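Have a look at the structure below, then the notes.
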Amino acid sequence: MNEPAKEEQLVSKKTLPEEKTPAKEKTLAEQAPSSYECRSCGYVYVPSKGDNQGKVPPGTLFTELSPDWRCPVCGVRKTQFVNIGAQGAPSGFAENLDYGLGINRLTPAQKNILIFGALGLGFLFFLSLYGLH
Ligand SMILES: [Zn+2]
């Protein structure tokens with residue numbers, strides 16, 4: 001018996017520089033760019049959508065829009081817009097979460113009804129057959 005004791009040592013020495021640490025103090029709302037609402041007509045400029053009519057590519061911040069940019073609906077200047085903060089992602093996520101919980105709450109109840117209902121029916125059927133003999 002000559003078993004070579006082979007010990008594999010997995011040394012995970014990673015020397016990663018700590019310069020790629022993301023800023024973690026920011027909330028979702030702060031990371032998302034602010035939307036601006038037209039005080040004149042209520043049109044909302046969403047940076048992630050841009051402005052098709054004004055040929056503004058998606059991802060353009062409101063502050064990056066040219067001074068000549070006008071409201072695509074009523075045509076007022078940028079100065080008539082007010083910052084209404086980040087819109088969309090956080091609230092939408094919350095709604096989806098609630099929706100999922102609603103379904104999850106229903107499913108076990110339906111399962112129980114199906115299982116116990118089938119068991120009960122089967123048992124009754126079995127008893128009725130037994131009673132016939
Ligand atoms: Zn407008």
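Taking amide H positions as modeled 1.01 Å from N, with prolines and chain starts lacking one, the residues under 5 Å from LYS49 and 5 or more places away or on another chain are GLY59. Compared with the alpha-carbon gap, the fully stretched path from LEU127 to VAL76 is longer by 10.3 nm at 0.36 nm per residue. What is the stretch 29-85 by shape, rounded, prolate or oblate, if you read a ≥ b ≥ c off the alpha carbon gyration tensor as root eigenvalues and call it rounded for a/c under 1.5, prolate for a/b larger than b/c, and oblate otherwise? Oblate shape, in that a/c is at least 1.5 and b/c is the bigger or equal ratio.
Bear in mind that the values in this text are calculations on the coordinates, not laboratory data. A quick note: this is a predicted structure, and the numbers were derived from the prediction, not measured.
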